[in-house]
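Okay, so here's the structure we're looking at.
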Amino acid sequence: MHYQHLPHIAVVLLHRALFGTIDLLTVFNLVRYLLLVLLPVTVFWSMRHMGFSWPVATFAACASPLISTPFLFGFDYDSYVWRGYGTYTQLWAQHLSFIAIATTTRVITRRQGHLPAIVACSALVLSHLLYAYIVAVSIGIIFLANVRRDRWLIQVRDLAIVGGAALAITAYLWLPYIQFDAYLNASPYLQPEKYDGLGAPKVLAYLVTGQLFDADRLPILTLLVPVGIAAVWQGRTRLGVTILVLFVVWLVLYFGRPTLGRFYDFVPLSKTLFIHRFSGAVHLWGTMLVGIGAGWLWELALRSWRPWVPYAATAVVFVALLPLMRERAAFYDQGLQWMRVTQDAIVTDTDAKTLVDALKGLPRGRVFAGLRTDFGPDMNFDIPFNSARFSDLLVYEGIDVVNPPYTSSSLSSDYLWDFNYQRAEDYDLFNVRYAVMPADLPAPSFLTAIRRTTRYTLYGAPTTGYGEWVSVSERRAATGPRELLAAGRPWLLARDRQTHGFLRWDYPRSGVVDSALPPACSRGTVRDDFVRAARVDLSVSCESAGTLLIKMTFDPGWHVTIDGVATDTFMLSPAYLGVVVPGGSHLVIARYEPVPTKMPLLVFGLLVLAAAVPASRKLRGVAWA
């Protein structure tokens, strides 16, 4: 619904194409590996496609996998490898950003390659919305730098063809995303700089000290950036000046709100942008500047009357890159060692395997294995560098876990930070039927031990299941996720929450709030009949009409039927799904389905893509020299 998905679908399709002969995880790792090691090929091809000389493209390609930062989420491999952040979709975006810029630049400047540009831009949108935003802004600047008085109307039309087709092809993703953005959580618990940026002093300090390109090593790439600026100033070609302008623009935008203040209010979609991720845009254009700088030095060496100078220059380049490659190799080697230690610790923990197997055989329900604020950090398999915890293993095994980082896009996810494992009503509210705790940790009296091992104990908790009859005491409205959390959190933490009743939310706020409250069932029963990821079947019974709480995050995609008849849904605290059920015995089924516009938009996009093939052939013969 909200997340870019082409990189994941591509892995599944490849797995199906191989008829399952290679397991899915291996295919996933193979794709990641190829994307990592083939980046220089993408950079070289893209820069040659843009019109750069082969030395410039070669040097940029050599530099592209050697960027190192203090984990700034940029184009350094720290963003992708296991020891870093594992931002898989950004790995696709890294390649597609270069390709989309190269192909679209060729359309603007030479009227060539409309279809590749359409495909590249569409793939980027479906792979990473933030980088699609970065590339769109960058292409706008490239267009302004290359527009010609005698051709501007044709250039506008060509760019409109590429942009319009890409938007049409990907409308099934971005249009519902914008339409239902209120249901995508914006967590106040994230570091403020992720939304606001780092500020000019910190960004410039990173740049000047080498941390933006050469963290903890000789600043070779950092020194080549000003050399590239000098080369642009000396040559003053349209292409070189455009690259320099783009580097400066994204460096300034990377400063964020601490420096630019209210200017950011005029930036499109600024409220939902992760400004700290603009480090990737700086790396994108910085890589090209590095190539320009190194290529300029190479050309100066070629102009020497001494024949041995070019060979000496080549040797100097490789010698200069050796410390960078050595540092990267050491980084990867340490990551490899940590992976082995982590895997060995998990594999040899037979107690953990025993409890995972036990959970898979029990009735469905959520599992709690600690948060960062309680005993969670102690459940780390005795790994000294804290690389994995018991809850991570449960997620990997496909077990539903109460753990905020894994559900952070959900409106109800931030409430989980306040889950109190010593409070029985919290287990019931979040339907936590099981808890895994250290064996030596005293457990609350309402928990019942199911399985004991040397290191852990698996407990069962009394809950009402995925459905519960509730009473509603108040009706409120909220316009966005942060307001919803700020108003709902005091209710969650209140000691008299159960006796006070639930809150009904008009969300997102639209007009005057109705004060009418839904009815309450004084005495009834609820039974879980069927529970899967996108469907919950509940058998309910009550003498009178009542309010049924379904413990799934509220979203427009949930559709509820009562005995086969559709009924209206509404939001109950904490951002859960609620319906009114008439008196008597009924079968309540909640299904999650895509928004109705998604499939028609997908079909429309495929038709546009099919039409773009013959249309691009007609444009192929009208390229400019």
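The values are calculated or read from the model by the stated rules, or taken from the named source; none is laboratory data. This one's a predicted model, so the numbers in the text were calculated from it and none came from an experiment. Neighbour counts run over all protein chains shown; Cβ positions are idealised from the backbone, glycine included.
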Practice item. Check A281, A315 and return the single one that is of a type outside the set (S, T, N, Q), in a helix (DSSP H, G or I) and within 27 Å of Y85 (Cα to Cα). Key: A281
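Could you tell me which of the residues A590, A545, A615 is surrounded by 13 or more Cβ atoms within 10 Å (Cβ to Cβ), of a type in the set (G, A, S) and at pLDDT below 90? Quick ask: steps written out before the conclusion?
Values: A590 fails: at pLDDT below 90; A545 fails: at pLDDT below 90.
Going through A590, A545, A615 in turn, the sole match is A615.
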Practice item. Residues being surrounded by fewer than 19 Cβ atoms within 10 Å (Cβ to Cβ) and over 19 Å from L253 (Cα atoms): count how many of those fall in the range 191-216. Key: 2
Practice item. Check G261 against each of (1) of a type outside the set (F, W, Y); (2) over 24 Å from the mean Cα position of the chain (by Cα); (3) modelled with pLDDT of 95 or more and name the one condition it does not meet. Key: (3)
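A quick yes/no check of all residues on (1) in contact (Cβ under 8 Å) with a residue 40 or more places away in the chain; (2) β-branched (V, I, T); (3) surrounded by fewer than 21 Cβ atoms within 10 Å (Cβ to Cβ); (4) in contact with a helix residue (DSSP H, G or I) (Cβ under 6 Å, 6 or more places away or on another chain):
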{"residue": "P481", "(1), (2), (3), (4)": "yes, no, no, no"}
{"residue": "R489", "(1), (2), (3), (4)": "yes, no, yes, no"}
{"residue": "R495", "(1), (2), (3), (4)": "no, no, yes, no"}
{"residue": "V526", "(1), (2), (3), (4)": "yes, yes, no, no"}
{"residue": "D529", "(1), (2), (3), (4)": "yes, no, yes, no"}
{"residue": "R532", "(1), (2), (3), (4)": "no, no, yes, no"}
{"residue": "L572", "(1), (2), (3), (4)": "yes, no, no, no"}
Check your understanding: For R509, are the conditions met, namely being among the basic types (K, R) and in a strand (DSSP E or B)?
Key -> no
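Let's see how each residue does on (1) surrounded by fewer than 19 Cβ atoms within 10 Å (Cβ to Cβ); (2) hydrophobic (A, V, I, L, M, F, W, C); (3) more than 26 Å from G240 (Cβ to Cβ):
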residue	(1), (2), (3)
S53	yes, no, no
A60	no, yes, no
L66	no, yes, no
F73	no, yes, yes
G86	yes, no, yes
A93	no, yes, no
L96	no, yes, no
Check your understanding: Given R306, R277, which one is at pLDDT below 85 and not small (G, A, S)?
Key -> R306
Practice item. Being more than 30 Å from L485 (Cβ to Cβ) and in contact with a strand residue (DSSP E or B) (Cβ under 7 Å, 6 or more places away or on another chain) narrows it down to one of H559, H586, so name that one. Key: H586
Exercise for review: Consider A168 carefully, then state whether it is in contact with a Leu (Cβ under 6 Å, 6 or more places away or on another chain), in a helix (DSSP H, G or I), closer than 26 Å to S409 by Cα and modelled with pLDDT of 90 or more.
Suggested key: no
Exercise for review: Evaluate the following for G240: is it surrounded by fewer than 20 Cβ atoms within 10 Å (Cβ to Cβ) and either at pLDDT 95 or above or not in a loop (DSSP other than H, G, I, E, B) (or both)?
Suggested key: no
Review point. Only one residue in T314, T373 is under 30 Å from G197 (Cα atoms) and either outside the structural domain of L72 (by TED's automatic domain parsing) or more than 33 Å from the chain's Cα centre (by Cα) (or both), so which one is that?
Key: T373
Check your understanding: So which pairs qualify, if the first residue must be in the range 179-194 and more than 18 Å from D506 (Cβ to Cβ), the second must be modelled with pLDDT of 90 or more and basic (K, R), the Cβ gap must be under 9 Å, and the two must be at least 6 apart or on different chains?
Key -> E193/K202; K194/R277
Point to revise | Output for the range 81-135, where each listed residue is more than 12 Å from the chain's Cα centre (by Cα), polar (S, T, N, Q) and at pLDDT 95 or above | key: Q94, S97, T103, T104, T105, S122
Revision key, fill the gap. The correct count of residues that are over 33 Å from the mean Cα position of the chain (by Cα), farther than 15 Å from S471 by Cβ and in a loop (DSSP other than H, G, I, E, B) in the range 512-534 is 4
Exercise for review: Go over the candidates A136, A168, A132 one by one and state the one that is in the same structural domain as F278 (by TED's automatic domain parsing) and more than 17 Å from A102 (Cα to Cα).
Suggested key: A168
Review point. Filter the range 22-35 for residues that are surrounded by 15 or more Cβ atoms within 10 Å (Cβ to Cβ) and within 20 Å of the chain's Cα centre (by Cα); which is nearest to S64 (Cα to Cα)?
Key: L35
Review point. So which residues in the range 197-212 are within 17 Å of F274 (Cα to Cα) and not in a helix (DSSP H, G or I), if there are any at all?
Key: G197, L198, G199
Practice item. Go through the range 351-469 and tell me which strands (runs of 3 or more DSSP E), entirely inside it, have 3 or more residues that are surrounded by 15 or more Cβ atoms within 10 Å (Cβ to Cβ). Key: 366-368, 432-438, 456-460
Review point. Only one residue in S408, S391, S412, S387 is among the hydroxyl-bearing types (S, T, Y) and more than 30 Å from A182 (Cα to Cα). Which one?
Key: S387
Revision key, fill the gap. Note on the range 514-524: residues under 12 Å from E474 (Cβ atoms) and either in contact with a Leu (Cβ under 8 Å, 6 or more places away or on another chain) or surrounded by 13 or more Cβ atoms within 10 Å (Cβ to Cβ) (or both) are L517, P518
